[in-house]
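Here the structure comes first, spelled out in structure tokens, and everything after it is commentary.
The values are calculated or read from the model by the stated rules, or taken from the named source; none is laboratory data. Computed from a prediction, not measured in an experiment: that's the story for all the values here. Note: ideal-geometry Cβ built from the backbone for every residue, glycine included; neighbour counts use all protein chains shown. Just so you know, the surface numbers come from the protein's heavy atoms only, side chains and all, with ligands and any DNA or RNA stripped out. Shrake-Rupley method; radii C 1.70, N 1.55, O 1.52, S 1.80 Å.
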Amino acid sequence: MNKGKICVSVCAKTAGEFIENIKRAAEHADVIELRFDCLQEIEIETVLAQLENLRKQFTKPFVATFRSEEQGGKRKLTRDERQFFWSQGLDNYVDWSDLELDFIEESFYWLFNKRICSHHDFNGVPQNFNYIYRKLKKTEVDILKIAVQANDITDSIAVWKLLEKAKSDKKQIVPIAMGEAGKWTRILGLAHGAFMTYAALDAGKETASGQLTVQDLIETYRVKELNEQTEIYGIVGSSVAQSLSPFMHNAALKVHNLDAVYIPFEVKNLDEFITRFIRKETREIELNFKGFSVTIPHKQTIVKHLDFIDETAKKIGAVNTIKIENGKLYGFNTDAQGFIEPLKNACGDLRDVKIAVLGNGGAARACIYALKKEAAEVTIFARNFKKAESLASEFQVELKEFSKTDFNDFDILVNTTPLGMKGEFEKETPLFAGQIKNVKLIYDLVYNPFETQFLKEAKSVGIPTIGGLAMLATQGASQFKIWTGKDAPMKEMSRAALRKLS
């Protein structure tokens, strides 16, 4: 158990909703941030009038925030508006006042007891980053807060290093790398000395990019239970925002009561990540990494970074699982087994069965490898014909160009492309009902959403389907065994993934 605090940010336009959210936040939070800048101007006075009663009602500490738009606030504020707000005697009812640098000096005349001095940069890590930290430190406030946008995971290193600086300066600090690429700083910060981490009350009510819900921080990532020795696993890819793996693997770690956590790592530049985070001789921060899942687009490019690779992964030419042991990186591929088991359970013997594989990435390689082992008759369909030629040649399968043709000569269709995945591709489908009406089975490797547009097309013409969650759980169980040596609790893992999808 660490000493850090979870601060839930309360943000609403009306006083009624704002106060109701304070009551809800008090059930889970260690600290409650009152984001007055979220309120409509006419509603602010209503909330301020009830602060005394709210203070008596709840024992949880309050942080008052009235942030201008350029510093991440919810609306434009003039200096006079901000000055008037802070001069209204809030200190009688809140525990901390969160102010930007331009108001800190002035705040001493308002006789605030406790202050947070904060700085936000939504463009990235500023070149004068260390200078900003020194300016914040000189204010001699109680808590320093620095939040900057991380566009790739290595952008967050500078923020993370502030934990050591603040410790040596005997300062309390809240360092945050915003965005998906900085999400790990929000999860691991408390274990490494951050004063607190910010959370949203509900999904969709985040007050900053990359903010997690209080439920996920407590139940999924168990952030208050983590420490500096906690073993770290995670998923490495771009993008990983919609991945269900953290929910699935953290559920398994909890069942076995392991001092470990599984985190999404948004990585665009894999080489930089391995160099600056992982390799002992070059890494810039010390975290207890023990293994990773690897996903799009790094399943093939990760191979060059490995010290050892198992035979299955070597034959497939793609790795989805890394185990780190004594500083060495061991590569495995559990996609092949994860893919083929649900298919065989549904179809039985696959010998001479005509199967079309849509796509030619790392996942496709694993599927083709597994299908060839079962003596299936495989054809690859790819939009990038030239890129797929080497794959078809390597596995000695037929290659055809992805077009508007029908696929009614095939028994099974397997989608390995990201079409249908939650996000920018969610409404897309690789094929439509008219192209597949005589196919016997559709297998879509996309698992989020649970029912993709492709699966809906199949069901509209009565074709049986297998969704990607079946493969995810099966391959994830194999990963868990590789990492921990323990049998994976499949029911709990599948249940956690389904709960997140529902």
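Report yes if some residue within region 123-144 is closer than 22 Å to Gly182 by Cα, acidic (Asp, Glu) and touching a strand residue (DSSP E or B) at 6+ places or on another chain (Cβ under 8 Å); otherwise report no. No, because not a single residue in region 123-144 is closer than 22 Å to Gly182 by Cα, acidic (Asp, Glu) and touching a strand residue (DSSP E or B) at 6+ places or on another chain (Cβ under 8 Å). Could you please let me know if Ala497 is among the aliphatic types (A, V, I, L, M), in contact (Cβ under 8 Å) with a residue 60 or more places away in the chain and assigned to a helix (DSSP H, G or I)? Yes. Summed over region 429-479, residues that are farther than 27 Å from Pro246 by Cα and small (Gly, Ala, Ser) total 5.
Of the residues making up region 475-487, those that are more than 22 Å from the chain's Cα centre (by Cα) and over 14 Å from Glu231 (Cβ atoms) are Lys481, Asp487. Among the residues of region 227-254, those identified as in contact with a strand residue (DSSP E or B) (Cβ under 6 Å, 6 or more places away or on another chain) and among the hydrophobic types (A, V, I, L, M, F, W, C) are Ile232, Ile235, Val236, Val240, Leu253.
Regarding region 130-145, can at least one residue be identified that is more than 19 Å from Ser107 (Cβ to Cβ), surrounded by 19 or more Cβ atoms within 10 Å (Cβ to Cβ) and in contact with a Gly (Cβ under 9 Å, 6 or more places away or on another chain)? Checked against the condition, which is being more than 19 Å from Ser107 (Cβ to Cβ), surrounded by 19 or more Cβ atoms within 10 Å (Cβ to Cβ) and in contact with a Gly (Cβ under 9 Å, 6 or more places away or on another chain), region 130-145 yields no hits at all. For region 321-340, a tally of residues being assigned to a helix (DSSP H, G or I), among the small types (Gly, Ala, Ser) and either open to solvent by 10 Å² or more (accessible area, probe 1.4 Å) or out of contact with any Cys (no Cβ under 9 Å at 6 or more places or on another chain) (or both) returns 1.
Residues of region 294-320 that are part of a loop (DSSP other than H, G, I, E, B), open to solvent by 50 Å² or more (accessible area, probe 1.4 Å) and not aliphatic (A, V, I, L, M): Pro297, Gln300, Asp307.
Table: residues versus (1) among the hydroxyl-bearing types (Ser, Thr, Tyr); (2) open to solvent by 50 Å² or more (accessible area, probe 1.4 Å); (3) assigned to a loop (DSSP other than H, G, I, E, B); (4) modelled with pLDDT under 95.
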| site | (1), (2), (3), (4) |
| --- | --- |
| Lys422 | no, yes, yes, yes |
| Lys427 | no, yes, yes, yes |
| Leu431 | no, no, yes, yes |
| Phe454 | no, no, no, no |
| Ala458 | no, no, no, no |
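Of all the criteria given as (1) open to solvent by less than 40 Å² (accessible area, probe 1.4 Å); (2) on the phi < 0 side of the Ramachandran plot; (3) in contact with a strand residue (DSSP E or B) (Cβ under 8 Å, 6 or more places away or on another chain); (4) in contact (Cβ under 8 Å) with a residue 40 or more places away in the chain, the one not satisfied by Leu48 is (3). Checking Leu343, Leu350 one by one, the residue that is touching a residue at least 60 places away in the same chain (Cβ under 8 Å), surrounded by 18 or more Cβ atoms within 10 Å (Cβ to Cβ) and either out of contact with any Cys (no Cβ under 7 Å at 6 or more places or on another chain) or outside any loop (DSSP other than H, G, I, E, B) (or both) is Leu343 and no other. Residues in region 20-53 that are of a type in the set (A, V, I, L, M), part of a helix (DSSP H, G or I) and over 25 Å from Ile218 (Cβ atoms): Ile42, Ile44, Val47, Leu48, Ala49, Leu51. Residue-level analysis places Ala29 outside the set of residues that are more than 18 Å from Phe195 (Cα to Cα) and either of a type outside the set (D, E, K, R) or surrounded by fewer than 17 Cβ atoms within 10 Å (Cβ to Cβ) (or both). Of the helices (runs of 4 or more DSSP H) contained entirely in region 99-175, those carrying at least 2 residues that are modelled with pLDDT of 95 or more and under 24 Å from the mean Cα position of the chain (by Cα) fall at 157-168. Residues of region 131-186 that are free of Cβ contacts under 8 Å to residues at least 24 places away in the same chain, within 23 Å of Leu99 (Cβ to Cβ) and not charged (D, E, K, R): Tyr131, Ile132.
Among the residues of region 370-405, those identified as closer than 19 Å to Pro430 by Cα and aromatic (Phe, Trp, Tyr) are Phe381, Phe385, Phe402.
Residue count for region 101-122 satisfying the condition of being open to solvent by 10 Å² or more (accessible area, probe 1.4 Å) and closer than 26 Å to Glu206 by Cβ: 8. Suppose we keep only residues that are basic (Lys, Arg) and farther than 16 Å from Arg67 by Cα within region 3-24. Which one would you say is modelled with the lowest pLDDT? Selected residue: Lys3.
Among all positions in region 54-69, there is at least one residue which is basic (Lys, Arg), assigned to a loop (DSSP other than H, G, I, E, B), open to solvent by 10 Å² or more (accessible area, probe 1.4 Å) and within 25 Å of Ser107 (Cβ to Cβ).
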